[in-house]
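What follows is one structure encoded as structure tokens, with my remarks underneath.
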Amino acid sequence: MATGSSDPHTDAALARDMMSLNTLLARPLSGTLLDEWKGSIKNLHIFKGTVFGSIRWLKTMDPLLTPKHADAFELRLTHTETYPSYEGGLHWVTIVAPDLPPSKWDGPDHDEYYRVTFMTSRLVAQRIYFLDVSFTAQARWESRNPLLGGFHWIEPPGREFSVDDISFLDPFEVKHRIWPI
């Protein structure tokens, strides 16, 4: 096929879709931005089963000390599967099955938030997934005021979701509570 063809399966069309993905990921993600991108690409089927999301925290909070913000977070993706068991007669057993964790990277900041962006793909349509977000052992926060202690938590700590084509999860928020030492 000739370059410049309107056929979505040409190498040029695929290259444009991949470049537009790079442009999308250079901005703070939102559901609206993702919908605009989905409407502009020719090869939507390639991205079927893809989920995007972010973890964010206010820039007014104490700074995170990890060299890369993404190193401070662990993402654990699982789903449940039901299998027949014949031990003691036929019955169904449900197990929690691990999935590959989403890719994560330091996302683009804006005036109000720092963020870590994540993405996972090739998820099965209509399957219920659970994404657990937690801090790694490397997560440390600088204290701007040594007379105040505090703790950080992620809200929500996990989220259940399913995917049909390309989905965007509402952001996970890092919260901070201060108390006098």
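The values are calculated or read from the model by the stated rules, or taken from the named source; none is laboratory data. Remember, it's a predicted structure, so these values are computed and weren't measured experimentally. We place every Cβ from the backbone using ideal geometry, glycine too, and count neighbours over all the protein chains shown. Surface areas here come from the heavy atoms of the whole protein model, side chains and all, with no ligands, DNA or RNA. Shrake-Rupley method; radii C 1.70, N 1.55, O 1.52, S 1.80 Å.
Taking the range 36-67, which residues are among the β-branched types (Val, Ile, Thr) and in a helix (DSSP H, G or I)? Residue satisfying the conditions is Ile46 alone. Within the range 72-88, the set of residues being within 18 Å of Phe118 (Cα to Cα) and open to solvent by 60 Å² or more (accessible area, probe 1.4 Å) comprises Glu74, Arg76. Filtered by the rule that a residue be out of contact with any Asp or Glu (no Cβ under 6 Å at 6 or more places or on another chain), within 20 Å of Arg159 (Cα to Cα), part of a strand (DSSP E or B) and open to solvent by less than 60 Å² (accessible area, probe 1.4 Å), the range 97-115 gives a lone residue, Arg115. If we scan the range 89-96, do we find a residue that is surrounded by 15 or more Cβ atoms within 10 Å (Cβ to Cβ) and either more than 22 Å from Thr32 (Cβ to Cβ) or of a type outside the set (A, V, I, L, M) (or both)? Among the residues of the range 89-96, not one is surrounded by 15 or more Cβ atoms within 10 Å (Cβ to Cβ) and either more than 22 Å from Thr32 (Cβ to Cβ) or of a type outside the set (A, V, I, L, M) (or both), which makes the answer no. Hey, among the residues in the range 147-165 that are outside any strand (DSSP E or B) and either open to solvent by less than 70 Å² (accessible area, probe 1.4 Å) or free of Cβ contacts under 8 Å to residues at least 12 places away in the same chain (or both), which one's nearest to Thr78 (Cα to Cα)? In this case the residue turns out to be Ser162.
Taking residues in the range 51-62 that are within 17 Å of Arg27 (Cα to Cα), and partners anywhere that are assigned to a strand (DSSP E or B) and among the polar types (S, T, N, Q), the pairs with Cβ atoms closer than 7 Å and at least 6 places apart or on different chains are Val51/Thr120; Val51/Ser167; Ser54/Thr117. Against the criterion of being without any contact (Cβ under 8 Å) to a residue 60 or more places away in the chain, in contact with a Ser or Thr (Cβ under 9 Å, 6 or more places away or on another chain) and under 30 Å from Asp35 (Cα atoms), Lys68 does not qualify. Can you confirm whether Leu169 is among the aliphatic types (A, V, I, L, M) and either exposed (fewer than 15 other Cβ atoms within 10 Å of the Cβ) or more than 18 Å from Trp57 (Cα to Cα) (or both)? The answer is no for Leu169. Which one is most open to solvent (accessible area, probe 1.4 Å) among residues in the range 116-137 that are under 23 Å from Phe151 (Cα atoms) and not acidic (Asp, Glu)? This residue is Ala137.
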